[in-house]
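Read the figures in this text as sums done on the coordinates, not as results from a lab. Every value quoted in this text rests on a predicted model; they were computed, and no experiment measured them. Positions of Cβ are backbone-derived with ideal geometry, glycine not excepted, and every protein chain shown enters the neighbour counts.
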Amino acid sequence: MTRKPRQGKRVMVIADLHCGHQVGLTPPGFHAPINDPRQEKYAAVRQEVWNYFAVIVKQYSPIDVLVVNGDAIEGKGERSGSTELITAARDVQVQIAAEVIDFIGAKTVRLVHGTPAHVGREEDWETVLAVEIGAKIGSHEWYEIEGVIFDCKHKIGSSSIPHGRLTPLAREILWNRLWWARGQQPKARVLIRSHAHYYEHVDHDDCLGFITPALQGFGSKYGSRECSGTVDIGALIFDVCEGGIKWQVEKIHGETQRARAEVF
C-alpha cells in the first residue's frame, strides 16, 4: 500500500516522538556534538530511526492528514535528572517537533495532547507546537475523514504480559460504544491510542483499534532498567475512500535496535 489512491485521503498517524531525548526522533540539523564515546550508540540510534522515518515519509507521500497522537516532545526529563536530553530547552524541543512535522508536509495536521510528565504539568507545550505550525489540538478528538470516524487519544493502559496487551484496546472500543449509545460520542470506526510504545491491533464490534508504535528509539533509563516486553518503532498509514479503509503499519528492524551480549 504505497501508491496513493486517486480518490480519498491518505492519513499518517505518528506518536511518542519524544523530541529532545537522546533517542527521540531528531532531524539531522539538531543532532548534538558527541563529546563522550558513550553517546555514540545513542547518536547511531537517532540516525537510524531518522533515516527509517525519512524513507517511509517518502514512500507514502503525499500525506493528506497527519495526526500526531501525543508526546511530541520529551520535556524536562525529570525521571533521569535531564541526563538523557540533547536539549533541556522545551522551546527548542518544540522546534525539533515542528521540523519533523514540516518534513512530512501533510496538507492538514492535527495534534493530540500527550502525558503531562513530558509535555508539561503547569503548561501545555504541545499547544505551543500547535500555534507554531498553525494546527488544531485537543485531548480526546474525533476526526471524520471521508465518512470514517477516527477516535484519537494518547494514553492507554499497558501490560507486562503479552496476552494482556489487547485487553485495553477492546475496553476502549467498548467505552466508545457505551458513550455512543448515550448519544455523547461519535461511533468510531477507527480507534487510535499510543503511549505504550508497542504496536497492537484488534478488529472488534465493527471498529479497528490500534496502539501505535513509537518514534523514540531504545535508550532510556526507564525503559531499559524498569520495563520488560517488546518495543515497536514506526508509524501507521491509512487510505480512506468513501467509507472504505486500507491500513498499513511500518515498523523498524535495524542493527542499532538489537541488544548484544558482552563478550569476555
Inset, instruction - Counting other beta carbons within 10 Å of each Cβ, put Asp124, Asp91 in order, fewest first. - result: Asp91, Asp124
Inset, instruction - Would you calculate a helix-derived [θ] at 222 nm for the chain, using -39,500 (n - 2.57) for each DSSP H run of n ≥ 4 and dividing by the full residue count, to the nearest 500? - result: -8000 deg cm²/dmol
Inset, instruction - Using the Cα centre as the reference, give the magnitude of the dipole from point charges on the C-beta atoms of the chain (Lys, Arg: +1; Asp, Glu: -1; all else neutral), rounded to the nearest 20 debye. - result: 460
Legend entry - Residues Arg193, Arg165, Arg121 arranged by fewest to most Cβ contacts within 10 Å: Arg121, Arg165, Arg193
Inset, instruction - Go through the stretch 82-87 residue by residue and turn each phi into a ³J(HN,Hα) via Karplus (6.51, -1.76, 1.60, θ = phi - 60°); whole Hz please, and just put x for glycine and proline. - result: 6, 6, 9, 9, 8, 7
Legend entry - the stretch 42-99, dipole about Cα centre (Lys/Arg Cβ +1, Asp/Glu Cβ -1), debye to the nearest 20: 80
Legend entry - Ordering of 67-74, 235-242 by packing [mean C-beta count within 10 Å, highest first]: 67-74, 235-242
Legend entry - Hydrodynamic radius (Kirkwood) for the stretch 155-252, which is based on Cα pairs only, to one decimal in Å: 14.6
Legend entry - Three semi-axes of the equivalent ellipsoid, the chain, Cα gyration tensor, whole Å, largest first: 29, 20, 19
Inset, instruction - Check cross-link reach from Lys107 to the lysines: straight Cα distance under 29 Å, and skip same-chain residues fewer than eight apart. - result: Lys4, Lys9, Lys58, Lys136, Lys153, Lys155, Lys187, Lys246, Lys251
Inset, instruction - Could you work out how far the C-alpha centroid of the stretch 166-196 sits from that of the stretch 85-100, in angstrom? - result: 32
Legend entry - Packing-based exposure ordering (other Cβ within 10 Å, fewest first) of Met12, Met1: Met1, Met12
Inset, instruction - Show which aspartates and glutamates lie in cross-link reach of Lys76 when reach means a straight Cα distance below 17 angstrom and same-chain residues fewer than eight apart are skipped. - result: Asp16, Glu84, Asp91, Glu122, Glu123, Asp124, Glu126
